[in-house]
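Remarks on the structure that follows.
The values are calculated or read from the model by the stated rules, or taken from the named source; none is laboratory data. Just so you know, these numbers come straight off a predicted model, no measurement behind them. Note that we place each Cβ from the backbone using ideal geometry, even for glycine, and neighbour counts take in every protein chain shown. Heads up: the accessible areas ignore ligands, DNA and RNA and are worked out on the full protein's heavy atoms, side chains in. Shrake-Rupley method; radii C 1.70, N 1.55, O 1.52, S 1.80 Å.
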Amino acid sequence: MRRRDFITALAAAAAGWTGRAGAQAPAALTQAQRDARAAYDAALARFKAILAERRAQIGAHQLPDLPGQALYRARVDVMSAYKDLTDALPSRIGRPNKFGIPPAYFDADIESLLDEYRAVFDLMEAPPANAQKSDTPFRDVVDLGIAIARAKGLDAANAAVAGRVSLGMFFAETDGRQNVGNARSNTYKGSLQTGPAEDRNGQVKWAAIRASIKSPELIARDDREEARAGNLDHRYNHWTAVRDGLANAHAELFRQIPAIVRTLPEPIDQMKLFELVQIVPSPTKAALASGRFADYRISEPRIMGFLRNNSIFAYGRTDRARTSASFGDILAAMFLFNSKFERALAEFDKIQARQ
């Protein structure tokens, strides 16, 4: 067959194939699908624009007040619009991404933008020049968690759980960075992102706990860090920030770790519970006290708002329309925390292996 005849025959065969029974041309998008795609494209463009704007402002030393809030909202809007898009058009769900975010919520093709987002936040939240860092930040968190738990009467095994969840909170609050600021708040600062009142309360509670600490080495370290901090805001000394944060919000809850482990045997779920104490303390403690933690429901709009402001039920119309949730639902919705807690677990295991 001559080449021209072959091409003609091939084209005819292709044309015939598209008309065979069972074969379908790509379906036209519905108006709802086109709207969802347009909304995602617009959200992505806004995210890119705000990222570029913040980069330029950092370079010019002209950041606005709370520079992270608009950028955070833009990132949430991108993920939310993408979830709406994949709900409307499931074929847009792509490959897994390096962050472990469910693919229905995040397009792996924009991983580099999320890397840039994190880098910009790191610059905006850099510790002040007078912050007092530790050479062993992870070990400090674990040691303080364990020491406080032992002072509250826990045995060694359960105290180790306290050390582990403490490290999880450090990663959840600051991505494992010490003495950071907060680009979304003028109130919360430092290694456990506490406010001034929380830090003051923590100092008082630590003073009451300190007499029960059994480790002379830890007490000696505490004396050195207190002297070092002097009149500095305690939230900008890594040791005192972690110590006061744990003493304020978690020391009493450490007593319940044996029951918590029975209720939530998975270490990452335990970390999620303690992080929820940081975000919505009263409902979380009430759920734990109920004896049916996973089934305990919340419906107060203010509490749902706090959750959404911390990337829980923040993505897509379905989640944003929720008016209530059980704590089992909440734990499942904390998927953005998973990678941070996995890193905390890995660091905890390294610390334990060196002992």
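Some notes on this structure:
- Apportionment of accessible area to carbon and sulfur, the chain, percent (1.4 Å): 53
- Percentage of interatomic Cα-Cα distances in region 220-355 larger than 23 Å: 45
- Distance violations [Cα-Cα > 18 Å] among Lys272/Lys340; Lys98/Lys189; Lys98/Lys350; Lys133/Lys189; Lys152/Lys205: Lys98/Lys189; Lys98/Lys350
- Computed log₁₀ I(q)/I(0) - Debye formula, equal Cα scatterers, no solvent, the chain, q 0.09, 0.12, 0.13 Å⁻¹: -0.58, -0.93, -1.07
- Interchain or long-range residues, amide H under 5 Å from Leu29's placed H: none
- Region 56-210: equivalent-ellipsoid semi-axes (sqrt of 5 x gyration tensor eigenvalues, Cα, Å): 35, 23, 13
- The order of Asp222, Asp41 by accessible area, most exposed first and with a 1.4 Å probe, is Asp41, Asp222.
- Dividing the radius of gyration of the alpha carbons in region 275-355 by their Kirkwood radius gives 1.07 for Rg/Rh.
- Counting all C-alpha pairs of region 150-303, share separated by more than 18 Å (%): 60
- Cut-off 18 Å (backbone N to label point 7 Å along Cα→Cβ of Ser185), residues of region 253-291: 272-285
- Length gained on full extension, Asp65 to Ala332, computed as 0.36 nm times the residue gap minus the Cα-Cα distance: 92.8 nm.
- Backbone HN-Hα couplings from phi across region 243-257 [Karplus 6.51/-1.76/1.60, Hz, Gly and Pro as x]: 4, 5, x, 5, 4, 6, 9, 10, 4, 5, 5, 4, 4, 8, 4
- Cβ-Cβ distance of Arg317 and Arg297, R₀ of 25 Å, FRET efficiency by 1/(1 + (r/R0)^6): the value works out to about 0.75.
- The string of couplings for region 285-296 from the Karplus curve (6.51, -1.76, 1.60, θ = phi - 60°) is 5, 5, 4, 5, 6, 6, x, 9, 3, 5, 8, 5 Hz, one whole number per residue in order, with x for Gly and Pro.
- Here the peptides 186-194, 59-67 are ranked by packing, the mean other Cβ count within 10 Å, and the order with the highest first is 186-194, 59-67.
- Nitroxide proxy distance, nm - points 7 Å out along Cα→Cβ at Arg262 and Thr30: 4.9
- Using the alpha-carbon positions of region 68-153, Rg (one decimal) and Dmax (whole number) come out as 19.2, 55 Å.
- Gain upon complete extension [Arg46, Arg224; 0.36 nm per residue less C-alpha separation]: 59.3 nm
- Among Pro137, Pro216, Pro281, the residue with the largest mean-square fluctuation in a Gaussian network model of the chain, with springs joining Cα atoms closer than 10 Å, is Pro216.
- Paramagnetic reach from Lys214 (point 7 Å along Cα→Cβ, amide N under 18 Å) across region 151-187: 151-164
- Share of alpha-carbon pairs per 5 Å distance bin for region 19-139, given as whole %: 2, 10, 15, 16, 14, 12, 11, 7, 4, 3, 2, 1, 1, 0, 0
- Pairwise label distance in nanometres, Leu232 with Lys285, each label 7 Å out on the Cα-Cβ vector: 3.1
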